[in-house]
Amino acid sequence: MPKKEPDEVKPPKVEVPVYWLETSDSVSRRYEFEPHGYLTVKVVNDSRPIYHRVAESFLNKFFPAGYPYSVNEGYLRYTQFRALQHLTSAALSVLSTQSLLFAAGLRPTPAQATAVSWILKDGMQHVGKLICSNLGARMDSEPKRWRILADVLYDLGTGLEVLSPLCPHLFLEVAGLGNFAKGMAVVAARATRLPIYSSFAKEGNLSDIFAKGEAISTLFNVVGMGVGIQLASTVCSSMQGKMIVGPLLSIVHVLSVVEEMRAVPVNSLNPQRTAMIVADFLKTGKVSSPADLRYREDLLFHGRLIEDAGNVKVGRALHKVVKPSKLKEWKEIFPEEKFVLSPGNKWTDMLLEHNATGEDAVRGWLVAAYAASMGKSFHEPSASVLQDAYDKMNIVFTPFLCELQAKGWHTDRFLDGTGSRFAF
């Protein structure tokens, strides 16, 4: 019987780490794949000047990972003016709180004024929440406009507080009105924060953008409080100094938030942005992107009519603009559509069903614009005029919608603020 040889013992398999070194801009980095498959990066040698390393550390802490490729256009300008806005706002807050305590008969130090300002902020938010609780839909539709309005209200409240020592016998009335304005401002600012941040999200990194944006706010709030303490101890120790410095800080504050909002490429469809998209498409045949429209938006008079887009107005109540007979006639001609057009002397009303999306609103807008551009009277449109405009819309709508979505627009919803909708 042949002798059975013992099984050969194999040495244990040793996994050799997969790594490599890369050198770029005087920085050597070691890249290595861990056993679980993740890639780790470690700086081996960094011979850059100290200011380059400090700048990179600042970007890593206060800007989203992958910046500038991980955010949409305009983020840097938005952040610059946001920092200036928070700096001036915090400085104004210190001065206003010091004035309030003066009006109440106290003589606080700048440090005491800073501490009390935080207590007042927490207390005033409750009234503002109650007042602003039914304005959320408007803020979703026009976040830029409401963000600017929030800072104007905040400065108005701060101004009343700064002036309170001039009328100490009305301290309660002046301080109460100032806190009321500031409370509404805080709620409006917080409510519009998420729509603005989401406009910059490019790679599903909304949480990262939100966290880094709040870090920037906190940093410059602290810096602004330091500036406020210095001002309160020097040029603003008197009422005359506050009367000069306060308006200057307020002007810089409001201008900063206006420039900040102009840089935001909001990508949701509301009446103004939809009208601008349709007008540009009819004139040039191209679809504008959110970045193309950001500096053209009217942040004060958002309800203005655009003639090239058919002078369409959205959101009026159904019973005020459409007679039952006209509504029945419309639904017989276009039974599948979720919009109704009702022409008037100066504009065309568009009414949307409750479940209408951004696509439905765009379809209705295109029909109204094509009907108006045909050179025929749209005051009493015939069925043939509407049918011609509707057929023309159907020809261009599919490629138009694809281009609209490719440009980054969200077509799954239409934000018409407090506009009325209907349901059969």
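The values are calculated or read from the model by the stated rules, or taken from the named source; none is laboratory data. Computed from a predicted model, the values in this text were never measured in an experiment. Positions of Cβ are backbone-derived with ideal geometry, glycine not excepted, and every protein chain shown enters the neighbour counts. Remember, those area values only see protein heavy atoms, side chains included, never the ligands or the DNA or RNA. Shrake-Rupley method; radii C 1.70, N 1.55, O 1.52, S 1.80 Å.
A few comments on the model shown:
- Each residue in the range 289-327 was checked for being under 16 Å from residue 345 (Cα atoms) and polar (S, T, N, Q), and 1 of them qualify.
- The requirement of being under 22 Å from residue 393 (Cα atoms), assigned to a loop (DSSP other than H, G, I, E, B) and of a type in the set (D, E, K, R) is fulfilled nowhere in the range 346-364; no residue meets it.
- Matching option when the condition is surrounded by 14 or more Cβ atoms within 10 Å (Cβ to Cβ) and over 28 Å from residue 194 (Cβ atoms), among 349, 280: 349
Residue by residue, here is whether (1) surrounded by 22 or more Cβ atoms within 10 Å (Cβ to Cβ); (2) farther than 23 Å from residue 62 by Cβ; (3) touching a Lys or Arg at 6+ places or on another chain (Cβ under 8 Å); (4) assigned by the TED database to the domain that holds residue 80 holds:
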site: 185; (1), (2), (3), (4): yes, yes, no, yes
site: 202; (1), (2), (3), (4): no, no, no, yes
site: 205; (1), (2), (3), (4): no, no, no, yes
site: 209; (1), (2), (3), (4): yes, no, no, yes
site: 214; (1), (2), (3), (4): no, no, no, yes
site: 228; (1), (2), (3), (4): yes, no, no, yes
site: 233; (1), (2), (3), (4): no, yes, no, yes
site: 246; (1), (2), (3), (4): yes, yes, no, yes
site: 257; (1), (2), (3), (4): yes, no, yes, yes
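- Residue within the range 263-277 that is more than 21 Å from residue 146 (Cα to Cα) and either free of Cβ contacts under 8 Å to residues at least 12 places away in the same chain or in contact with a Leu (Cβ under 8 Å, 6 or more places away or on another chain) (or both) present: yes
- Residue within the range 365-376 that is of a type in the set (A, V, I, L, M, F, W, C), open to solvent by 40 Å² or more (accessible area, probe 1.4 Å), touching a Gly at 6+ places or on another chain (Cβ under 6 Å) and more than 16 Å from residue 414 (Cα to Cα) present: yes
- Just one of the numbered conditions (1) small (Gly, Ala, Ser); (2) buried (at least 16 other Cβ atoms within 10 Å of the Cβ); (3) more than 19 Å from residue 137 (Cα to Cα); (4) over 21 Å from the mean Cα position of the chain (by Cα) is not true of residue 263: (4).
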